[in-house]
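So the structure is just underneath, and the comments pick up after that.
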Amino acid sequence: MGTWLGNGVGILLTFAAFALLVGPERRLGAAYRAVRGLSAPVRPVEDRLDLYELAYLCGGDSGLGTTVLVRMHAEGRAAVERRAPYRITAVLSGEPRDGVEAAVRDAWEQPTEEDDEAYWPLTVSRSAPPVRAVRERLVLDGLLRDGNAPVGVIADNPVLRAYYGARYRFARTVRWSPVFAVAGIAVAVLCHAYPPLLAYPPLLLAAHLRLQRYELAPTAYGEVTPAGRRAISAVSAGEPFTADGGGAGDGPSGPGRPEPSRVPRLVREVALHGLDALPRGHVLGPPPAPPVRPPATRPEPPEIIVDASPGLGGL
């Protein structure tokens with residue numbers, strides 16, 4: 001009778017463990033499939049990057065800010081003076097041509113220790129709507145990863161947050177599921193009912209395999225994707241600029257994208273390679289490297305000569 005009772009209790013514990021796992025597993029599977037359905041087709045290489053996208057892909061927030069200010073200086077709309085290696089002053093004239101330029105002006109006007117100076121290189125705020133729009137366009141087109149999110153998905157997407165919540169709950173359930181196995185072992189030892197224990201190894205193994213199956217592929221944090229690197233290479237190898245500054249480096253117009261403009265070659269090179277592309281001595285060039293000082297040499301201690309008879313200790 002004890003054996004039948006033990007088998008019954010063991011089977012009930014096994015079904016309880018299965019029921020505890022199946023619900024979170026199904027919700028995780030649904031959330032995983034929903035995330036996989038978010039990715040849109042990657043932007044083709046033929047759809048060229050505009051200047052802002054190129055600057056953001058190559059330099060991020062700082063690259064976008066420096067490229068815009070270099071363009072304004074090249075067009076005569078920013079009178080710049082270098083005050084220190086990492087500080088400049090600028091007088092900006094005219095109205096901003098678009099939202100990104102307005103965000104750069106706002107970043108320039110942020111108060112510093114000196115009211116008329118700003119730090120250089122300039123970094124724009126990622127929270128500014130025009131800058132966020134450039135970043136989100138690159139992410140949704142599959143050219144840039146947003147944090148650890150999959151390619152083509154914004155990190156704060158509600159569907160992605162729901163997936164992470166479902167995965168956390170299922171992983172927590174998997175971690176606690178061996179408690180049922182421990183209870184089953186105790187029942188088996190007390191009632192000499194061992195057959196129900198055979199169900200726990202495949203059940204726990206299946207739970208761990210399901211957790212791995214619904215794991216998103218690991219990615220580097222915020223890296224440029226292979227499609228993004230191909231888009232940068234297409235701009236680098238694009239048609240040469242004409243004498244008046246036009247050429248490759250600006251994408252076609254479209255919904256939510258700035259109109260293409262003819263930018264000087266120097267501005268495109270700054271977007272591609274940063275401030276190192278500026279000629280030597282340019283007022284907006286990179287801060288000079290600190291001088292390399294040779295390591296200090298310690299003077300050799302003077303030679304000590306003992307010219308005296310040894311004392312009693314030396315005898």
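Quick check: residue separation of residue 172 and residue 62 times 0.36 nm, minus the Cα distance between them. What number comes out in nm? All intermediate terms of the calculation are to be shown ahead of the outcome.
Numbers: separation 110, 0.36 × 110 = 39.60 nm, distance 4.01 nm.
In short, 35.6 nm is gained.
Packing-based ranking of 16-24, 209-217 yields 16-24, 209-217, ordered from highest to lowest mean Cβ neighbour count within 10 Å. Spin-label model, residue 16 to residue 102: label points 7 Å out along the Cα-to-beta-carbon direction sit 6.2 nm apart. Treating r as the C-beta distance of residue 159 and residue 127 and R0 as 30 Å, the FRET efficiency rounds to 0.85. Label positions at residue 190 and residue 303, each projected 7 Å from the Cα along the C-beta direction, are separated by 9.0 nm. Within the shell defined by Cβ-Cβ distances under 14 Å, the residues around residue 215 carry a net charge of +4, with Lys and Arg each +1 and Asp and Glu each -1.
In Å², what does the accessible area per residue of segment 100-240 work out to with a 1.4 Å probe? Each step should come with its number before you reach the end.
Values: 7710 Å² over 141 residues.
Ligands and nucleic acids excluded, the figure is 55 Å² per residue.
Summary of the geometry: segment 126-144 and segment 13-34, compared by the centres of their Cα atoms, lie 36 Å apart.
Extension gain residue 230-residue 79, at 0.36 nm per residue separation less the Cα-Cα distance, in nm? Walk me through the numbers before you get to the answer.
Details: separation 151, 0.36 × 151 = 54.36 nm, distance 3.56 nm.
50.8 nm is the gain from fully extending residue 230 to residue 79.
To put it simply, the accessible area of segment 13-112 at a 1.4 Å probe is 56 percent carbon and sulfur. Net charge in the neighbourhood of residue 61 (other residues with Cβ under 10 Å of its Cβ; Lys, Arg +1, Asp, Glu -1) is +2.
Applying a DSSP loop filter and a limit of 10 other Cβ atoms within 10 Å to the GluC sites (Glu not before Pro) in segment 1-59 leaves 46.
With the highest mean first, a sort of the peptides 139-148, 172-181 on other beta-carbon atoms found within 10 angstrom per residue produces 139-148, 172-181.
For segment 85-172, GluC sites (Glu not before Pro) are listed when DSSP marks them as loop and at most 14 other Cβ atoms sit within 10 Å of their Cβ; the list is 109, 113, 114.
The values are calculated or read from the model by the stated rules, or taken from the named source; none is laboratory data. Treat the numbers as computed from the prediction; the structure is a model and nothing was measured. Note that each Cβ is placed from the backbone with ideal geometry, even for glycine, and that neighbours are counted across all protein chains shown. Side chains are part of the model used for accessible areas, which takes the heavy atoms of the whole protein and leaves out ligands, DNA and RNA. Shrake-Rupley method; radii C 1.70, N 1.55, O 1.52, S 1.80 Å.
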